[in-house]
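*Asks:* My questions will all concern the structure given below.
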Amino acid sequence: MHGVTTHDISENEFWDCVDELPHLTDRALFLHRQNGLSVEQIAKRLGIEQKEAAERLSEGLALVRGSFSVAEH
């Protein structure tokens, strides 16, 4: 297996994982996935720097993917 993508995860499973993430990380994922906001838009909405928004989004996606790759083994 080449790793889990968010496309391999059902919507319910995805959001269950997101609920477990730190607040700004879950908000960044929500704004990106549900509202289609860019990193710049997420940063403005959350009142954080673009770099932090990008890091939160990347971290959140990695944690969600990691939850499922560990669960599969």
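*Asks:* Per residue of segment 17-32, what does 6.51 cos²θ - 1.76 cosθ + 1.60 with θ = phi - 60° give for ³J(HN,Hα)? Whole Hz please, x for Gly and Pro, Karplus curve as stated.
*Replies:* Once θ is set to phi - 60°, the couplings for segment 17-32 become 5, 4, 4, 8, 7, x, 3, 5, 5, 5, 5, 4, 5, 4, 4, 6 Hz.
*Asks:* A further question on this structure: Local charge sum around residue 51 (other residues, Cβ-Cβ under 15 Å, Lys/Arg +1, Asp/Glu -1)?
*Replies:* -3
Computed from the coordinates by the stated procedures, all read-outs in this text should not be read as laboratory data. Everything numeric in this text was worked out from a predicted model, so none of it was measured. Positions of Cβ are backbone-derived with ideal geometry, glycine not excepted, and every protein chain shown enters the neighbour counts.
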